[in-house]
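Trainee: Sharing a structure here in structure tokens format.
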Amino acid sequence: MKDTTKLIKIQTERTQHGEHSTPMFLTSSFTFEDAGHGKALFNNEVEGNIYSRYSNPSVQEFIDKVCMLEGLETGFATASGMAAVFAGFAAHLESGDHLISSKALFGSAHQIITQILPKWGITHTYLEVNATEEDWNNAVQENTKMIYCETPSNPGLDLVDLEMLGKVAKKHDLIYYIDNCFATPVIQKPADFGADLIVHSATKFMDGQGRVMGGIIVGTPERMEKVTFFCRHTGPALSPFNAWVLSKSLETLHLRVDKHCDNALKLAEALQGLEGVSKVNYPFLDSHPQSALAKKQMKSGGALVTIDLEGGFERIVRFTKLLTIPSKTSNLGDTRTTITNPNTTTHSKVAQEIKDELGITEGLMRVSVGLEDIDDLIEDFKQAILGSK
């Protein structure tokens, strides 16, 4: 069966009531047949649910679907995407360890790597987005344990060669950890290039309608054993209700992502060369410096477009006031087009030096292209750009 069929067929086992739609297991705990059964569950001698902080049928259904999509064996679902990102670090890194990462990251990931991990004696090396295989190999130290990156990156849509990173990780026996949120497993599968751990903010495209928050990290049994232990005992568990919503949403993921990508490419093409727009960035545009790499490892260019407007932040204020269709919000991956100015929102706490290096300017706008009629979107963006001069 194809992935689209599996997403619909993977479902919690029917109860005695014979329901068609998968039920919600809104329970904090689960009962034991007797004290001996409880002991066996806690000793991992038998399989079963104990407490929803550990596991829950509704949550497991969601996990099973994402594992299938990413081609990995096991996972843990969390209350938010950043909880899942942090779990991948905290479960594996110890005082004295070293992490290598691409510099092009989401703002909160920067804060974890530069502000939180150093408190525990964990150091890092940032590499430029265009770093070569030699650069990555040279960055490896005796205490290096992990490679981490997101591709495409938030917000600059910079790419990292997944195949190249897989070679580096294998050569030095490093944990290979990838944030695949922007691409989704519909567009690229990092496990095909050797990734051990893959993380998503399920709040984004997996939900797809801006309703619930959630995160998930999936990986090989060897790597997920420590992640599962960490999450079970620190408590970032996803709620059963949110898991139910996310699991149902995954049934339409391919349909939505295909339309997102089609709209995004058309919007990017329409805005190129428009007066007042200094740059349009989209992985499948020939003008993107890594378009060849994008077409090598991605099925399509994704739903995110960035545009750089001339005129500074004052122009951005005028522009966003004139837009009538997009929601002005820092979230993304919605059926509705959303737009934000990363310099003052998602990356406002990132050091100015790093923002300068990543091209996060005053005039940069990150657009998560939704499912509206593309002609309406293009007309709205053009009138707002031209009207805000």
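Trainee: With the checklist (1) buried (at least 19 other Cβ atoms within 10 Å of the Cβ); (2) of a type in the set (A, V, I, L, M); (3) within 30 Å of residue 285 (Cα to Cα) in hand, flag the one item residue 164 doesn't pass.
Mentor: It is condition (1) that residue 164 fails.
Trainee: Oh, and also: Tally the residues that are within 21 Å of residue 187 (Cα to Cα) and either free of Cβ contacts under 8 Å to residues at least 12 places away in the same chain or of a type in the set (D, E, K, R) (or both), restricting the search to the stretch 124-166. Please lay out each step first, then the result.
Mentor: First, pick out the residues of the stretch 124-166 that are within 21 Å of residue 187 (Cα to Cα): 129, 148-166.
Remaining after also requiring either free of Cβ contacts under 8 Å to residues at least 12 places away in the same chain or of a type in the set (D, E, K, R) (or both): 150, 158, 161, 163.
Qualifying residue count for the region: 4.
Trainee: While we're here: Of the conditions (1) open to solvent by 30 Å² or more (accessible area, probe 1.4 Å); (2) among the polar types (S, T, N, Q); (3) under 20 Å from residue 370 (Cα atoms), residue 278 satisfies every one except a single condition; which number is it?
Mentor: So residue 278 meets the others, but not (3).
Trainee: Would you say residue 45 is open to solvent by 10 Å² or more (accessible area, probe 1.4 Å), closer than 16 Å to residue 199 by Cβ and at pLDDT 95 or above? Write out each step before concluding.
Mentor: On the way: open to solvent by 10 Å² or more (accessible area, probe 1.4 Å): yes; closer than 16 Å to residue 199 by Cβ: no; at pLDDT 95 or above: yes.
In short, no.
Trainee: From the residues in the stretch 17-33 that are of a type in the set (S, T, N, Q) and at pLDDT 95 or above, which one is surrounded by the most Cβ atoms within 10 Å (Cβ to Cβ)? Steps first, answer last, please.
Mentor: From the stretch 17-33, those of a type in the set (S, T, N, Q) are 21-22, 27-29, 31; that's our starting set.
If we keep only those that are at pLDDT 95 or above as well, we get 27-29, 31.
Values: 27: 14, 28: 9, 29: 12, 31: 9.
Step by step, filter the stretch 17-33, then rank; the result is 27.
Trainee: Tell me, which residue of the stretch 315-329 that is of a type in the set (Ser, Thr, Tyr) and surrounded by fewer than 15 Cβ atoms within 10 Å (Cβ to Cβ) is nearest to residue 101 (Cα to Cα)? Break it down into steps so the answer makes sense when it comes.
Mentor: We begin by selecting, within the stretch 315-329, every residue of a type in the set (Ser, Thr, Tyr); these are 320, 324, 327, 329.
Among the residues that remain, those that are also surrounded by fewer than 15 Cβ atoms within 10 Å (Cβ to Cβ) are: 324, 329.
Numbers: 324: 38, 329: 27 Å.
The residue in question is 329.
Trainee: Determine whether residue 12 is under 30 Å from residue 194 (Cα atoms), over 24 Å from the mean Cα position of the chain (by Cα), open to solvent by less than 50 Å² (accessible area, probe 1.4 Å) and not charged (D, E, K, R). Working first, answer last.
Mentor: Details: under 30 Å from residue 194 (Cα atoms): yes; over 24 Å from the mean Cα position of the chain (by Cα): yes; open to solvent by less than 50 Å² (accessible area, probe 1.4 Å): yes; not charged (D, E, K, R): yes.
Here the answer is yes, as residue 12 does meet what is asked.
Trainee: Moving on. In the stretch 342-375, which residues are modelled with pLDDT under 95 and among the aliphatic types (A, V, I, L, M)?
Mentor: 350, 351, 354, 358, 360
Trainee: Now a separate question. Please find, within the stretch 363-389, the residue that is surrounded by the fewest Cβ atoms within 10 Å (Cβ to Cβ) out of those that are within 10 Å of residue 271 (Cβ to Cβ) and not aliphatic (A, V, I, L, M).
Mentor: The selected residue is 382.
Trainee: Moving to a separate point now. Hey, which of the strands (runs of 3 or more DSSP E) in the stretch 175-294, taking only ones fully inside, have at least 2 residues that are closer than 30 Å to residue 94 by Cα? Spell out how you get there, then give the answer.
Mentor: Values: elements: 175-179, 197-201, 215-219, 277-281.
Correct list: 175-179, 197-201, 215-219.
Trainee: Right, residue 50: at pLDDT 95 or above, touching a strand residue (DSSP E or B) at 6+ places or on another chain (Cβ under 6 Å) and either closer than 22 Å to residue 241 by Cβ or not hydroxyl-bearing (Ser, Thr, Tyr) (or both) or not?
Mentor: Values: at pLDDT 95 or above: yes; touching a strand residue (DSSP E or B) at 6+ places or on another chain (Cβ under 6 Å): no; either closer than 22 Å to residue 241 by Cβ or not hydroxyl-bearing (Ser, Thr, Tyr) (or both): yes.
No.
Trainee: Another one. Just wondering, is there one or more residues in the stretch 81-97 that are surrounded by fewer than 17 Cβ atoms within 10 Å (Cβ to Cβ), within 28 Å of the chain's Cα centre (by Cα) and acidic (Asp, Glu)? Can you show your working first?
Mentor: Taking the stretch 81-97 and keeping what is surrounded by fewer than 17 Cβ atoms within 10 Å (Cβ to Cβ), we get 94-96.
Within this subset, residues satisfying the condition of being within 28 Å of the chain's Cα centre (by Cα) are 94-96.
Restricting the remaining residues to those that are acidic (Asp, Glu) gives 94.
Yes, the conditions are met somewhere in the stretch 81-97.
The values are calculated or read from the model by the stated rules, or taken from the named source; none is laboratory data. From a predicted model like this one, the values you see are computed outputs, not experimental measurements. When we count neighbours, we look across all protein chains shown, and the Cβ atoms used for this are built from the backbone with ideal geometry, even at glycine. SASA here: full protein model, heavy atoms, side chains in, ligands and nucleic acids out. Shrake-Rupley method; radii C 1.70, N 1.55, O 1.52, S 1.80 Å.
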